[in-house]
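Since every read-out is calculated from the coordinates, none of them should be taken as a lab result. Remember, predicted model here, so these are calculated numbers, not experimental data. Every residue, glycine among them, receives a Cβ derived from its backbone with ideal geometry; neighbour counts consider all protein chains shown.
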Amino acid sequence: MRTLGRIVLGFVALIAVVIAIAYIDGLTLPVNHVTTVTGTVAAPPAKVFALITNISAAPTWRHAVQSVTVLPPDNGRDHWIEHLAHNQTMTFLATRTEAPTRRDVLLDLPTPAYGGTWTYLLTPGPTPDTTTLTITETGFIHPPLYRFLMHHVIGLTYNLNQYLADARAAAPTL
């Protein structure tokens, strides 16, 4: 029984050391970041712009969004809540909209541990009826463990890449 107790204690100590190392590493990582992804969507810019600005339709083409609650406009700007898995919600505010070339969206949380803006830039693609979509996240992550996970495990471009993949998958329906 003593051997089992030592093994369990050793395992707990190992987990504590791993968490401490991840926390310390997270402390050394920058709170602020800027990351960009670019890809071609097989639809013209006006149609891609209509796709990304039709907030209520997001659940039909974005796999992570289960539903959307459209809020009253904030000084004429789109404002909405996305309902995601595990009862997670995120509130967004469109801070700049220039059809059909640009959309800036702010993660609008009252006391955020993480957040920032996504800027969508749409330009004519390399072939007719395609769009080059560039999405830039200008964000921050305060908790050191979450910074560690986003930098080393998940990747800062994970959500951007998923959005781009969803837009590409939706293109044939536009």
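Please state the shape class of segment 75-165: rounded when a/c is under 1.5, otherwise prolate if a/b exceeds b/c and oblate if not, all from the C-alpha gyration tensor.
The shape class here is oblate.
Sequence gap at least 6, Cα distance under 8 Å: using those rules, report the relative contact order of segment 1-93 to the nearest whole percent.
Normalised by residue count, the contact order of segment 1-93 is 13 percent.
Using Cβ contacts closer than 10 Å as the measure, can you line up 55, 21, 135 from fewest to most?
Fewest-to-most ranking of 55, 21, 135: 21, 55, 135.
So how many Å³ per residue does the convex hull of the Cα atoms of segment 1-159 work out to?
Hull volume normalised by residue count: 154 Å³.
Along segment 147-154, what does the Karplus equation 6.51 cos²θ - 1.76 cosθ + 1.60 (θ = phi - 60°) give for ³J(HN,Hα), rounded to whole Hz, x for Gly and Pro?
Values, residue by residue: 4, 4, 4, 5, 7, 10, 10, 7 Hz.
Could you tell me the relative contact order of segment 31-173? Use alpha-carbon pairs under 8 Å, at least six residues apart, and round to a whole percent.
31
Using θ = phi - 60° and the Karplus curve 6.51 cos²θ - 1.76 cosθ + 1.60, what whole-Hz ³J(HN,Hα) does each residue of segment 135-140 get, with Gly and Pro shown as x?
These are the phi-based 3J(HN,Hα) values: 10, 10, 9, 10, x, 9 Hz.
Could you line up 83, 63 from fewest to most neighbouring Cβ atoms inside 10 Å?
63, 83
Once the other residues with Cβ under 10 Å from the Cβ of residue 71 are scored (Lys, Arg +1; Asp, Glu -1), what is the net sum?
It works out to a net charge of -3.
Under a 10 Å cutoff between Cα atoms, tell me which one of 105, 48, 31 has the largest fluctuation in the Gaussian network model of the chain.
Largest GNM mean-square fluctuation: 31.
Which net charge results for the neighbourhood of residue 40, defined as the other residues with beta-carbon distances under 14 angstrom from its beta-carbon, given Lys and Arg at +1 and Asp and Glu at -1?
Residues close to residue 40 contribute a combined charge of +1.
If amide H atoms are built 1.01 Å from N in the plane of the peptide, which residues on other chains or at least 5 residues away come under 5 Å of the amide H of residue 102?
Distant-sequence amide H within range of residue 102: 122.
Tabulate in residue order the Karplus-calculated ³J(HN,Hα) for segment 11-19, using 6.51 cos²θ - 1.76 cosθ + 1.60 with θ = phi - 60°, rounded to whole Hz; enter x for Gly and Pro.
5, 4, 5, 4, 4, 4, 5, 4, 5
Using the Cβ atoms and a cut-off under 12 Å, what net charge is assigned to the surroundings of residue 97, where Lys and Arg are +1 and Asp and Glu are -1?
+1
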